[in-house]
Every structure is written in C-alpha cells, then in structure tokens.
Amino acid sequence: MRFPFFNLFKPSPLEGLIEHMDKVKECGAAFQEAIECHISNECQRFVELKQVVDDLEHQADAIKRRIRGHLPKGTLMPVDKFQLFRYLGEQDNVLDSVQDTLDWLSFRKEPGVPEELHKDLLLLVEAALEAVDAMGIMLAEARHYFRNYSEGQRAKVKDLIRSIRQKEHEADLAEDQVKEKVFNMGLDGVTVFHMVRLAEIIGSIADHAENAGDMMRAMIAK
C-alpha cells in the first residue's frame, strides 16, 4: 500500500522544490524585463536587471544545497531520492540558462540585437517562459498528488507534463524562426554566431523545463 511519502519529512522536500520554483518564477520575470530592456534604445536598466537575476540564482542555489543536504538518510521512500535530485537539477538548470542568456548578451554591447529580430526574439523568450510557467503549475499539482495519491490528481499532473512538452515544441519552432532569419539577413559572421548562440541558449530554458517534466513523470509512475 502506498503512503504519503512527502508527509514523512518536516519540512517536506517537495516544499523545498516549491520554494526553489518560486525563485525560478521571480527570475523569469526579471529575465523577460532584462531582454526587453536590452533591445530597447531607451532602457538603461539592463545591468541592474541582470544583477537581480544573478542574486535570485544565488538564492536558489542556497535552497538547492539545503534540499540536497537535509534529505533524511535511511528512510524508506516509494520515490528514489536520485529522481528527486535529478528533477531539482533540471529545475535549477532553467536558472542557469536564464543567467547564461544575459551573460551572453552582455558580452557584445554593440551593435546589439538587429531590429529586424526584436519581435522574433521576444516571441522565443515568451515561448520558453510559458514552458517554465507550466512547470511551476505541474509542481504545485504534484504536491497535491503526493499528499493523497489520488488517481485523478495523477492524471492532472500527466496532462500538465504533456502541456510542457507542447510548449517546448513551440519554443523549438520559435528558435528555428530566429535562426532562419539570422542566416538570411546578410549579417556579418560575428553577429550571425552571436544571434544563433543566443537563440540556442534561450531555447534551452524550455528544454530544461521539458526535462523536469520527464523527471516528474518518472516520480509519479506506478
């Protein structure tokens, strides 16, 4: 008979994942604002917003270390603790990709992002963050599932995992759109490389969200 695994802990490790996810969501909001700021000729807050993202990433790292360092040993669990750690790793990788994106943008201040790519880049960012938002909803619903093991709740979590996969696919399409434009705009080689790599890093945000969904699928498997 299955029992409420996450209720065995005080505090529950899943509560730590929720706390970590809250930092991911805060980081995503600051990230989107930083991207919009970078491609605007009027905004002067990019460095400030980048620092906000860096600070949130450091706070999330502290939460991650606490989760890994305080999981009780020798306790029987229906979910392998390494599945929990792998999920946490993918959730944390979202933050790393967000941070890497802003670092990459900061390396080349001029001439910046070509104006013709502004709309496509913002669409890519939005698509990637939609996958992250869906991941946050999935985690919240998974917390409910691990409290009561309701089959209906499990089905809801699985539906959200499928939603993340769909949103990751949409982010892939947006990433390809940016790349196709970049290669056909007659840009210099350095700008082409910079923009293609930028699109790939942003796309990896959605990739890690999808990976987190796959890890959750393994955690709720019977």
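Testing Gln166 on (1) among the polar types (S, T, N, Q); (2) more than 22 Å from Val24 (Cα to Cα); (3) out of contact with any helix residue (DSSP H, G or I) (no Cβ under 8 Å at 6 or more places or on another chain), one condition comes back false. Which one is that?
(2)
Of the numbered conditions (1) within 14 Å of the chain's Cα centre (by Cα); (2) farther than 24 Å from Glu19 by Cβ; (3) charged (D, E, K, R), Glu180 satisfies every one except a single condition; which is it?
(1)
Among the residues of region 197-205, is there at least one that is more than 27 Å from Ile161 (Cβ to Cβ) and assigned to a helix (DSSP H, G or I)?
Narrowing region 197-205 to residues more than 27 Å from Ile161 (Cβ to Cβ): 197-198.
Next cut, assigned to a helix (DSSP H, G or I) only: 197-198.
Scanning region 197-205, I find at least one residue that is more than 27 Å from Ile161 (Cβ to Cβ) and assigned to a helix (DSSP H, G or I), so the answer is yes.
Take Ala221 and tell me if it is small (Gly, Ala, Ser) and closer than 21 Å to Val94 by Cβ.
Working: small (Gly, Ala, Ser): yes; closer than 21 Å to Val94 by Cβ: no.
No: the conditions fail for Ala221.
Residue by residue, here is whether (1) surrounded by fewer than 16 Cβ atoms within 10 Å (Cβ to Cβ); (2) aromatic (Phe, Trp, Tyr); (3) in contact with a Lys or Arg (Cβ under 9 Å, 6 or more places away or on another chain); (4) at pLDDT 95 or above holds:
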site: Lys23; (1), (2), (3), (4): no, no, no, yes
site: Glu33; (1), (2), (3), (4): no, no, yes, yes
site: Glu48; (1), (2), (3), (4): yes, no, no, yes
site: Asp55; (1), (2), (3), (4): yes, no, no, yes
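Quick one: is Ala29 under 18 Å from the mean Cα position of the chain (by Cα), over 16 Å from Gly136 (Cα atoms) and modelled with pLDDT of 95 or more? Write out each step before concluding.
Values: under 18 Å from the mean Cα position of the chain (by Cα): yes; over 16 Å from Gly136 (Cα atoms): no; modelled with pLDDT of 95 or more: yes.
No.
Restrict the check to region 172-195 and report whether at least one residue is under 30 Å from Glu15 (Cα atoms) and in a helix (DSSP H, G or I). Show your work before the answer.
Step one: of region 172-195, the residues under 30 Å from Glu15 (Cα atoms) are none.
Within region 172-195, none of the residues are under 30 Å from Glu15 (Cα atoms) and in a helix (DSSP H, G or I).
The values are calculated or read from the model by the stated rules, or taken from the named source; none is laboratory data. Model, not experiment: these values are computed from the prediction. Here Cβ is always computed from backbone atoms with ideal geometry, including for glycine, and neighbour counts include all displayed protein chains.
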